[in-house]
Amino acid sequence: QDFSQAMSQAGSSQFQEVIRQELEYSMKVELDKILATAHSNEIEHTKKDLEGFKKLFHRFLQEKGPSVDWGKIQRPPEDSIQPYEKIKARGLPDNIASVLNKLVVVKLNGGLGTSMGCKGPKSLIGVRNENTFLDLTVQQIEHLNKSYNTDVPLVLMNSFNTDDDTKKILQKYSHSRVKIYTFNQSRYPRINKETLLPIAKDVSYSGENTECWYPPGHGDIYASFYNSGLLDNLIAEGKEYIFVSNIDNLGATVDLYILNHLMNPPNGKRCEFVMEVTNKTRADVKGGTLTQYENKLRLVEIAQVPKAHVDEFKSVSKFKIFNTNNLWIALSAIKRLQEKNAIDMEIIVNPKTLDGGLNVIQLETAVGAAIKSFENSLGINVPRSRFLPVKTTSDLLLVMSNLYSLNAGSLTMSEKREFPTVPLVKLGSSFTKVQDYLRRFESIPDMLELDHLTVSGDVTFGKNVSLKGTVIIIANHGDRIDIPAGALLENKIVSGNLRILDH
């Protein structure tokens, strides 16, 4: 019986192998057809993109089930995640300028503002005093370069969705003291969930073809940075580290103490990869966490966790930290690993339903997942203030308010706030789009003493409103609530219908 079982298993794995080979062959035929439609000036980079996609597709067909063996996950060793205080306590050397001159700031700028109801790149949404995410980033680096008389460049990783609009806007910084470079992420074809074949028939990505292509997640940074030639140019200029972060994380400013720790390590051995992590709160249970796995630091994301262990993964007591996606990576290591094709990142399968109802999947990777491919990696547990992402208008309300003061492009929590935690803000669906949100606030309320705000339904705020403690405002369907100018709401629940009529 064992023998026949073994034979049938061998048969089924042989059968699976045949199916896999057929799928790969069909995919290759389709991609060749697509490539044949490219103009001569786009053949080279289209070919690179499709080659990269083929590798990813090959790996996707090889992998089965969640990519981590839960039994092998261990807590990271004590010294593999350092407290930020310890790194800061070392102070700064006199020659901090020469250390800064080895740094390049890279912002992930591939995303659109669609989740906040905006067209175009997310980085061009106004966040504070008419400044966009991009304005604030340029101001921060310009301030660094002026203060230390350095030449830290800014590199934007755009996607085909954001490239044109971003390049147009960059002209306005031509006189600023920051060199700005851009390169593009790859462009990969979305595949039909049923047939596992690309839905694109040609290379164009405008008009009705916009839905056929996607940028494959920020894990693509290694290959596209290398392929663009920019990586080699920066190494030739003497640059040694990049600091990578999401452009919508307003807490991700250049930290001199971390940079000094990288350039002048206490034990003389340089880290090739540093991930900033911070303590989880109840709001972050889905964030990726750092674990020890097969003697390497490894980022484990919720998608990789076997279903039976998801609750354990979300527990704040067992996995206390999560990845902020602020990363410091050695340029020479990226080059070495990229040339050896040795950067290993788990595949994230992202299912989407297109407007016409077609189910597709897009294969992506995450930049932090490569940590296990680098030598001497380190986690640094940073203060929560280094993680200030603006994903929704609820986040936007926080950063526009008097909770934060703006100085040289950097937001810092106001000293007038008595406790360092950020209030929990939940704005309902009437506030989702930026333009609706802006219309509903005549001015941003005073939130210095706010703990929790929930707003639901058709609600507007007059000028100079103050919110303190826990405030819940719920306008039922068909009702409207106008919070009058100058109102103070402290530990209040407001519901029903409240119309302020102008006389």
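Cβ separations smaller than 6 Å between residues 6+ apart or across chains give the following pairs from region 136-147 residues that are farther than 14 Å from Val104 by Cβ to residues that are part of a helix (DSSP H, G or I): Val138/Tyr173.
Within the set Val138, Val68, Val105, Val127, the sole residue that is among the β-branched types (Val, Ile, Thr) and part of a loop (DSSP other than H, G, I, E, B) turns out to be Val68.
For region 336-352, the condition holds for at least one residue, the condition being that it is part of a helix (DSSP H, G or I), in contact with a helix residue (DSSP H, G or I) (Cβ under 7 Å, 6 or more places away or on another chain) and modelled with pLDDT of 90 or more. Would you point out the residue of region 214-243, among those that are out of contact with any helix residue (DSSP H, G or I) (no Cβ under 9 Å at 6 or more places or on another chain) and within 25 Å of Lys352 (Cα to Cα), that is least open to solvent (accessible area, probe 1.4 Å)? Filtering region 214-243 for residues that are out of contact with any helix residue (DSSP H, G or I) (no Cβ under 9 Å at 6 or more places or on another chain) and within 25 Å of Lys352 (Cα to Cα), the one least open to solvent (accessible area, probe 1.4 Å) comes out as Tyr214.
Pick from Gln82, Gln74, Gln62: which is within 18 Å of Val277 (Cβ to Cβ) and open to solvent by 40 Å² or more (accessible area, probe 1.4 Å)?
Only one candidate qualifies: Gln74.
The number of residues in region 329-357 that are among the acidic types (Asp, Glu), under 30 Å from Asn192 (Cβ atoms) and open to solvent by 40 Å² or more (accessible area, probe 1.4 Å) comes to 2. Counting just the residues of region 386-414 that are assigned to a strand (DSSP E or B) and small (Gly, Ala, Ser), which one comes out nearest to the chain's Cα centre (by Cα)? Among residues in region 386-414 that are assigned to a strand (DSSP E or B) and small (Gly, Ala, Ser), the one nearest to the chain's Cα centre (by Cα) is Ser410. Given the condition surrounded by fewer than 17 Cβ atoms within 10 Å (Cβ to Cβ), part of a loop (DSSP other than H, G, I, E, B), in the same structural domain as Lys107 (by the TED database) and not hydrophobic (A, V, I, L, M, F, W, C), answer yes or no: does some residue in region 250-262 qualify? There is no residue in region 250-262 that is surrounded by fewer than 17 Cβ atoms within 10 Å (Cβ to Cβ), part of a loop (DSSP other than H, G, I, E, B), in the same structural domain as Lys107 (by the TED database) and not hydrophobic (A, V, I, L, M, F, W, C). Collect the residues in region 395-426 that are of a type in the set (A, V, I, L, M, F, W, C) and buried (at least 16 other Cβ atoms within 10 Å of the Cβ), keeping them in residue-number order. Selection gives Leu396, Leu397, Leu398, Val399, Met400, Leu403, Leu406, Leu411, Met413, Val422, Leu424, Val425.
Do you know which residues across region 189-218 are in contact (Cβ under 8 Å) with a residue 60 or more places away in the chain, in a loop (DSSP other than H, G, I, E, B) and either of a type in the set (Phe, Trp, Tyr) or on the phi > 0 side of the Ramachandran plot (or both)? Of everything in region 189-218, those that are in contact (Cβ under 8 Å) with a residue 60 or more places away in the chain, in a loop (DSSP other than H, G, I, E, B) and either of a type in the set (Phe, Trp, Tyr) or on the phi > 0 side of the Ramachandran plot (or both) turn out to be Leu196, Gly217.
Quick one: how many residues across region 45-68 are modelled with pLDDT under 90 and among the charged types (D, E, K, R)? The number of residues fulfilling the criteria is 2.
This table checks each residue for (1) more than 31 Å from the chain's Cα centre (by Cα); (2) crowded, with 18+ Cβ neighbours inside 10 Å; (3) acidic (Asp, Glu).
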{"site": "Gly428", "(1), (2), (3)": "no, no, no"}
{"site": "Phe431", "(1), (2), (3)": "no, yes, no"}
{"site": "Asp458", "(1), (2), (3)": "yes, no, yes"}
{"site": "Asp479", "(1), (2), (3)": "yes, no, yes"}
{"site": "Ala485", "(1), (2), (3)": "yes, no, no"}
{"site": "Leu489", "(1), (2), (3)": "yes, yes, no"}
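I'd like the residue in region 272-328 that is among the hydroxyl-bearing types (Ser, Thr, Tyr) and open to solvent by 20 Å² or more (accessible area, probe 1.4 Å) and, out of all such residues, is farthest from the chain's Cα centre (by Cα). Ranking the qualifying residues of region 272-328, first place goes to Ser317.
Among the conditions (1) touching a Leu at 6+ places or on another chain (Cβ under 8 Å); (2) in a loop (DSSP other than H, G, I, E, B); (3) farther than 30 Å from Lys320 by Cα, the only one that Arg417 does not satisfy is (3).
Taking the stated definitions as given, is Ala475 touching a Gly at 6+ places or on another chain (Cβ under 6 Å), free of Cβ contacts under 8 Å to residues at least 24 places away in the same chain and not assigned by the TED database to the domain that holds Asn129? Considered against the rule, which asks whether it is touching a Gly at 6+ places or on another chain (Cβ under 6 Å), free of Cβ contacts under 8 Å to residues at least 24 places away in the same chain and not assigned by the TED database to the domain that holds Asn129, Ala475 comes out as yes.
Looking only at residues of region 114-124 that are part of a helix (DSSP H, G or I) and among the hydrophobic types (A, V, I, L, M, F, W, C), we find that the one that is least open to solvent (accessible area, probe 1.4 Å) is Met116. The residue that is least open to solvent (accessible area, probe 1.4 Å), among those in region 358-384 that are part of a loop (DSSP other than H, G, I, E, B) and in contact with a Cys (Cβ under 9 Å, 6 or more places away or on another chain), is Phe374.
When Lys48 is tested against the conditions (1) under 30 Å from Gln171 (Cβ atoms); (2) surrounded by 13 or more Cβ atoms within 10 Å (Cβ to Cβ); (3) assigned by the TED database to the domain that holds Pro215; (4) out of contact with any Ser or Thr (no Cβ under 7 Å at 6 or more places or on another chain), the lone failure is (3).
The values are calculated or read from the model by the stated rules, or taken from the named source; none is laboratory data. As the structure is a prediction and not an experimental result, all values here were calculated from the model. FYI the Cβ positions are ideal-geometry reconstructions off the backbone, even for glycines, and counts take in every protein chain you see. Areas reflect the complete protein model, heavy atoms only, side chains present, ligands, DNA and RNA absent. Shrake-Rupley method; radii C 1.70, N 1.55, O 1.52, S 1.80 Å.
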